[in-house]
1. Residue by residue through the range 127-137, note down the ones that are over 15 Å from I197 (Cα atoms) and modelled with pLDDT of 85 or more.
2. Which residues, taken from the range 144-172, are assigned to a loop (DSSP other than H, G, I, E, B) and modelled with pLDDT of 85 or more?
3. What number of residues within the range 1-55 are more than 60 Å from the chain's Cα centre (by Cα) and either surrounded by fewer than 10 Cβ atoms within 10 Å (Cβ to Cβ) or among the β-branched types (V, I, T) (or both)?
4. Given (1) assigned to a strand (DSSP E or B); (2) open to solvent by 20 Å² or more (accessible area, probe 1.4 Å); (3) under 24 Å from D210 (Cβ atoms), where does I124 come up short, assuming only one miss?
5. If you go through the range 173-201, how many residues are at pLDDT 85 or above and touching a Gly at 6+ places or on another chain (Cβ under 8 Å)?
6. For the range 131-180, what are the residues that are under 17 Å from P201 (Cβ atoms), open to solvent by 40 Å² or more (accessible area, probe 1.4 Å) and of a type outside the set (D, E, K, R)?
Amino acid sequence: MIAVSVIAAVVALCATAVALWQAREAKSAQQAAGKAQDAAEKAQDEARAARKAVEQATSSALQAKNAVEEARGAAAKAEEAARASRVLADEAAQQAQQATVQINEMAEVLAAERQRRGMPTFAITPGAPDEFRLSYFGGPAVIEQLTVSVVPGSRVLGLSQYDEPPREHLDVGPLHNGSAVTFRAATGQRASAVFQIRAEPWEPVVVRADQ
């Protein structure tokens, strides 16, 4: 009887030891399962982060591609504009060269005409207290029209030929070679008066009238 009790006690102790070992193993397995779950969650988070990084990289690559295409389009437009500018510049240079040639040709024609016909000569001498006498000699036989102008600072305020109001510019003509015309000066001081005479196609000349 005692032996049976001892055996039962030993069996109970063995069962208790087995139960404790199983409990310890279960706890270890539970801890391992928790760690595995944590690792799985961490791996899932890392996978989500990696997927997000891939999406961002893909978007950046697409944006970079679009930027490259836009840059190529802008470069092509700039090159086209540069070609157009070069064409316009070449045309402008050609037109400027042609205009220069034409101007030079016209200047040569005018110079030859002046040399052929001769430059006219004018002289102005005081007459009555308010009159001046314009003499013409040299050059063509007749000058159809010339303009006598007041030069600032010459003490002459205006000119007239008849009874019209005095003005700064007086048109005279036709004027024959060797003839003279008299005009009036609106001033009380006519000493050292200076006039500008313009007759086409010659350049203007300045004539001084000393008393």
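1. Once the filter is applied, which keeps residues that are over 15 Å from I197 (Cα atoms) and modelled with pLDDT of 85 or more, the range 127-137 yields only E131.
2. E144, Q145, V151, G158, Q161, E164, P165, P166, E168
3. Total satisfying the criteria: 11.
4. It fails just one condition, (2).
5. Summing the residues that are at pLDDT 85 or above and touching a Gly at 6+ places or on another chain (Cβ under 8 Å) in the range 173-201 gives 3.
6. A141, V142, Q145, G173, P174, N177
The values are calculated or read from the model by the stated rules, or taken from the named source; none is laboratory data. Quantities reported herein were computed from a predicted structural model and do not represent experimental measurements. Cβ: placed from backbone, ideal geometry, glycine included. Neighbour counts: every protein chain shown. Surface accessibility is based on the protein's heavy atoms, side chains included, excluding ligands, DNA and RNA. Shrake-Rupley method; radii C 1.70, N 1.55, O 1.52, S 1.80 Å.
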